[in-house]
Structure formats: structure tokens, C-alpha cells
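The values are calculated or read from the model by the stated rules, or taken from the named source; none is laboratory data. For clarity, every value in this text was computed on a predicted model and none was experimentally measured. Backbone-built Cβ (ideal geometry, glycine too); neighbour counts: all protein chains shown. Accessible surface areas use protein heavy atoms only, side chains included; no ligands, DNA or RNA. Shrake-Rupley method; radii C 1.70, N 1.55, O 1.52, S 1.80 Å.
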Amino acid sequence: MSKSDCSFNTSTQYHLILFVAGNGPNSSIARVNIAGICENELAGRCTLTIVDVLKDFSAAAENNILVTPTLLICKPEPEVTVIGNLSDHEKVRRALNLEALQS
Amino acid sequence: MCPNNLRVPAGSLEKRSIPKAPSSIRGLDEILKGGFPLGRTTILSGTAGTGKTVMAMEFLYRGALEGHAGLFISFEERARDVRANACAMGMDPAALEEQSKLRIIHAEIPADAIKAGDFEARGLLAMIEGHAQLTGAKRIVLDAVDSLMSIFEDPRREREEIGFLLNRLRDLGMTTIFTVKAESGGLKIYPFLDFMADCVLFLDQRIEEQIRTRRLNVLKYRGSDFLSNEQPYVFSAEGLVFMPVSSMSLEQLPLAERVSSGIHKLNQLTGGGYIKGSCVLLNGPSGIGKTSLASSFAHAACSRGEKVLYVNFETSPETLVGSMQSIGLDMRPALDTDSRLRILSAMPESAGVEEHLLRIVDEMSGFSAHHLVVDAISACLRMGSGRVPFDFLARLITESRARGVTCVFTNQIRNQEYLTRMSGIGISSLVDTIIALEYFIQEQELKRRLIIIKSRGSDHSKQFHQLELSHTGLRLGRITGRESESPGSGQEDISQ
């Protein structure tokens, strides 16, 4: 079992996997966006794994990743799938349940 | 630059076709002149229930049986449903999956996925490439690709993504089939696809007079010849079966060999019996003895050790055997003991014309029949309107001729005056021999008589002969005594 598997047990509160396709525009934007969230709002509470489907075919197949970028929020449960370059910050924050955390 | 295998020397009359991947689906490669374009994309569109998925799966399945690994990606149905449907069509995908010759994947984006910005379908490509590397698959089906693409919610993005996918699959040298839904009016979800693909097939079904007919239309095939027009197909227990309506060629028969009509006198009148491998039509009104004549032929053939397929559109096998007993023909041994006679009883309305044709042709081949009796072809008028009965009979004659099978068709006509003109279906030009039967009145008695109207390649009798049916059999003889009027008014026509 690797970190690119949702059932991998992390000690942190958040476990995220971002699937990208090389350095394509949307993938690059998504990398920047998720890094910002992990370094700020989720600093110290987040395990992030980035999988490049162009290099790791099997990871895409195992997780049924059809589009890139795809963000799997494995933890906290339930598991949530976010697709897109994560530029819609509001939606990403809501998917991560960040409003609830702050209130 | 033109690849070597496509280069045709200047001035050469030889027309070379692009490389193909045979579908091995019965009849389809004949229509596509060899199969799907190798390493290219074929679009398979059609309305619901026309068998797009079955056809695409059968391509992979039959290929896998021959050693070509295939990948089936379903965007709509779950993998286990795809497997179950394939099983229902006589395929066993699980066994091939175990050998990694076939892989069925249900690819789906979770319905509750959140969209947060732009994305591409690269994951799908990665998945395809991953599987292809693992199994060496060069054949791929993307089933209901529109289901995936709808996630883009933008026609322009859908088009871009499909274009990218097609190009990439082509670069990978994949022989690809895209199945796409179409509206019943033939309206397409992705009209642009027809321009992008090398081969475009359209499946259609319609129901006329409560009989369902399915048709394939090849709309485009870049770099290849194909059978144009609508090509009928059916779902059978062994998968899809296409029955190409090619230019029907009725080749000249070798006229030398004869088979007995079962009646000695009739053999004399026809110049030695029916011509082997030819088609004989027995025309006449109800109750005149058409079935008896056809059965005499069948009985004689079985007695010689030959096999006869008797297609009975009128009665059950029991009724036929029973009624033939009353004229001294015991068909039971041939039917039960010797297995030389097979009776196929069918209601014309019970199935579409393709199903009937397939069943008869399959029986003919499986049973290795020497002869075929169809009693009565007039029932074919109940299979459908327009050209349907004619097409059915024409194709049946073609199939029989290709196998060297002698056909005896009975045809019931309503009015005697149409005797010589051949009523109804209009296949008289396709048959080799026409024998007409009719009633006439002599000395206040209703009698039967027979005349050979046409017999290709034979010096045949041109006179009426009296036909007598009794419990000892059929008898043909000269008409004695003074003839009176026939009940119809066709006498002048006939005796010309």
C-alpha cells in the first residue's frame, strides 16, 4: 500500500492525492493551488501525494481517474472527488470542509 | 509520403485498399470488404437497442479468440452488466479476461464529484496506455463515449477532447471503435465525429407491421470500398449476423444432372426430372395438390438417401405427415428413423424476414440438405410489405444455389386466370422451372390438370396432363374424352 492509495493510513487530519498529467497547463495550476492550501490553511495537518498519470499508468487505472487534474480527499471521510485545476477556491474550500473548521 | 503498403504504381489498374482488422462477425467483413480500418477509428452510431455495444464487444471478443488483445471501456454500463450481456449473445468474456486477452473496464466519474476549474481527459488516455502496455492490446472500444464527454458541459471542449483522444489513439496505432448514441431521426450527438473518423457506421431499427428490422448503413469508409445501401442484420444465439445484400448473381447451372420429381410421368414430361440445384415453382390454387407434388419429390429424395429440408409455413409437421399418408406417402421413416427429412414449421408473422432467412440457411448448412422445399412461398407475403417477400425469396434462391441445393417452392394463387402470369411475388424470372396446376370440369366432374409453363434448359412437354390424387399416390396421365370449360378463364392463355 502506498501513499497514492486512499486507504493508506496517515497520521495527519487530511490526506490528499492529486492526480496530474505532466506539466500541462491545468495540471500546473492545480499543483500551485493545492500547494498554497496545504502550506497555509492546512499547514501541519496535511499529507499530500501528487501522482503523474503519464508516469504512473496503474495509479490512474486503480483509482479510475479519467480526467486530470483530479483531487481525491481521502481524509477526513467520506472520500470526496474534486475535478479541475482547483481555481475555484470557494468550491475547494467547501470540499475540504474548511468553513466548518474555522467557525 | 505514402506508406509502402499503400503505394500504388502510377498507371496501375490495381486498386489497393487500406489495411484492415477483420471483425470476424458473420457477414460484416463482406460489407466492409475485409473489416475495420486497422489502426484507425470507426464510429458506430445508432439508436437505442440496435446492438452497438454487442457489435463492438463481438469485434474484441472474436479478435481475442484469435489472439488479439482488446480493451473495452464502458462509460455507461457496469463491467458486470457488459459481461452478462455478452454472455447472453453467446460470448464468454470472463475466460478471455483471465488470459488477459480481453479487459472490460467501467470508467466513471463519481456522480458527486465537485468541479473546480478546467480539466482534460488525460487520465483516460493514461489508463488506456497503461492497459495497452500491460496486455499488448491494439484494439479498443470506447462504449458510450458521450456519457463521459457530457461532463465538460461545453460542446467546444467536448470536441477538442474527442479530437485529442482520437489523435492519440491513432498515434498509438489502436484500432478503435467509438460507439455513440443517435436520436431516432438519425440526428447525431457529435456530427463532427463523422469527419474525424475513417469509417462511419450507422445502425437503425424500425418496426413495420409489427415486424422489427435492423439495418446497417456504411456512411463513409476512407480509402476503402464497401457495400452501400442498407444491410440487414439480426441478433442470433451466436452473436450478430449480417446478411449482405450484394449484387445477386444467378450463375448458369450445369444442366446435366437431374433429380427425380418423385413421379415417373412428371420426370418424362420435364425431360428427365428437375435440374439438380435449380429452383422449381409449383403454382396453383388451394387443394390442388401442390403439397403432394412437393412431398413426392421429398419422399423420393429421402428414399435415395438424400436429405431434404422442408420449410412448412402452412401446417405443423404432424399434420403434413398425416395428410401425406392419405395419398400413400409415408414420410415418417425419413423423419424419425433415417433423419433424412427435417421439417421446419414456422409462422411467417413470427419473425422478421432476416430471422426466417437465417434460420433456414442455418438449417440448410447444419443439416447438409441436398434439397429444400418451401411450402408455400405465398406465405412470405405475410412477412412484410413491398419488396420484402421478393428479397427473401431471391436471397433464399441465391443461398441455395451457392450450396447446390435444389429448391421446390409451392405457391398458392387465388385466381386461375393468373396462372401463367405468375401472381404476387414476381420471382418467376428467378426460378428455372414453373409447373402450373389447375382445376377443370369434365363430364360434370371437377378434375385437376398440370402443365409445365417453363423449364430452363429442357425440352419439356407443352401439354396439359391430368393429375389424380388417391390413397395409392399421385398419377399423371393424358386427358381423355372431351374437355369442357375450365372453371377459370385462363385456358386460352395457357394453351397458346
_Residue within region B:232-252 that is closer than 25 Å to B:Pro191 by Cα, modelled with pLDDT of 80 or more and crowded, with 16+ Cβ neighbours inside 10 Å present_ = yes
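Condition check ((1) modelled with pLDDT under 90; (2) open to solvent by less than 20 Å² (accessible area, probe 1.4 Å)) across all residues:
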{"residue": "B:Ile427", "(1), (2)": "yes, yes"}
{"residue": "B:Val431", "(1), (2)": "yes, yes"}
{"residue": "B:Leu437", "(1), (2)": "no, yes"}
{"residue": "B:Glu443", "(1), (2)": "yes, no"}
{"residue": "B:Arg449", "(1), (2)": "no, yes"}
{"residue": "B:Lys454", "(1), (2)": "yes, no"}
{"residue": "B:Ser461", "(1), (2)": "yes, no"}
{"residue": "B:Leu467", "(1), (2)": "no, yes"}
{"residue": "B:Thr472", "(1), (2)": "yes, no"}
_Residues satisfying the stated conditions in region B:332-346, i.e. in contact with a Lys or Arg (Cβ under 6 Å, 6 or more places away or on another chain) and in a helix (DSSP H, G or I)_ = B:Ala334
*Inside region B:184-196, can you point out the residues that are assigned to a loop (DSSP other than H, G, I, E, B) and modelled with pLDDT under 75?*
B:Ser184, B:Gly185, B:Gly186, B:Leu187, B:Ile189
*Specify which of the listed residues (B:Gly328, B:Gly223, B:Gly271) is part of a loop (DSSP other than H, G, I, E, B), open to solvent by 10 Å² or more (accessible area, probe 1.4 Å) and closer than 22 Å to B:Val431 by Cα.*
B:Gly271
*asked:* Which numbered condition in (1) of a type in the set (Ser, Thr, Tyr); (2) open to solvent by 10 Å² or more (accessible area, probe 1.4 Å); (3) over 18 Å from B:Pro244 (Cα atoms) is the only one that B:Thr398 fails?
replied: (3)
*State all residues of region B:312-335 that are within 17 Å of B:Ala376 (Cβ to Cβ) and of a type in the set (S, T, N, Q); if no residue qualifies, say none.*
B:Asn312, B:Thr315, B:Ser316, B:Thr319, B:Ser323
*Please work out if B:Asn167 is more than 14 Å from chain A (Cβ to nearest Cβ), under 21 Å from B:Leu28 (Cα atoms), open to solvent by 50 Å² or more (accessible area, probe 1.4 Å) and of a type in the set (S, T, N, Q).*
no
_Just to be sure before I move on: is B:Phe390 surrounded by 16 or more Cβ atoms within 10 Å (Cβ to Cβ), within 20 Å of the chain's Cα centre (by Cα) and within 22 Å of B:Gln205 (Cα to Cα) in the structure I sent?_
yes
*Within region B:401-425, which residues are open to solvent by less than 30 Å² (accessible area, probe 1.4 Å), modelled with pLDDT under 85 and not in a loop (DSSP other than H, G, I, E, B)?*
B:Gln416
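Condition check ((1) at negative phi; (2) among the hydrophobic types (A, V, I, L, M, F, W, C); (3) in contact with a Ser or Thr (Cβ under 9 Å, 6 or more places away or on another chain)) across all residues:
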site: B:Gly34; (1), (2), (3): no, no, yes
site: B:Leu44; (1), (2), (3): yes, yes, yes
site: B:Thr47; (1), (2), (3): yes, no, yes
site: B:Gly63; (1), (2), (3): yes, no, yes
site: B:Gly67; (1), (2), (3): no, no, no
site: B:Ile73; (1), (2), (3): yes, yes, no
site: B:Glu76; (1), (2), (3): yes, no, yes
site: B:Ala84; (1), (2), (3): yes, yes, no
*Which of the residues belonging to region B:372-395 are in contact with a helix residue (DSSP H, G or I) (Cβ under 8 Å, 6 or more places away or on another chain) and among the aliphatic types (A, V, I, L, M)?*
B:Leu372, B:Val373, B:Val374, B:Ala376, B:Ile377, B:Ala379, B:Leu381, B:Met383, B:Val388, B:Leu393
_Contact list please: Cβ distance under 7 Å, first residue in region B:110-139 and on the phi > 0 side of the Ramachandran plot, second residue of a type in the set (A, V, I, L, M, F, W, C) and modelled with pLDDT of 90 or more, pairs at least six apart or on different chains._
B:Gly117/A:Leu86; B:Gly136/B:Ala69
*Residues in region B:301-319: is at least one over 21 Å from B:Asp432 (Cα atoms), open to solvent by less than 40 Å² (accessible area, probe 1.4 Å) and more than 20 Å from the chain's Cα centre (by Cα)?*
yes
*Single condition B:Lys181 does not satisfy, out of (1) open to solvent by less than 60 Å² (accessible area, probe 1.4 Å); (2) in a strand (DSSP E or B); (3) more than 14 Å from every other protein chain (Cβ to nearest Cβ)*: (1)
*asked:* So if I check each of B:Asp204, B:Asp198, which one is under 36 Å from the mean Cα position of the chain (by Cα), among the acidic types (Asp, Glu) and open to solvent by less than 10 Å² (accessible area, probe 1.4 Å)?
replied: B:Asp198
_Being open to solvent by 20 Å² or more (accessible area, probe 1.4 Å), closer than 29 Å to B:Ser470 by Cβ and among the aliphatic types (A, V, I, L, M): is that true of B:Ile343 here?_
yes
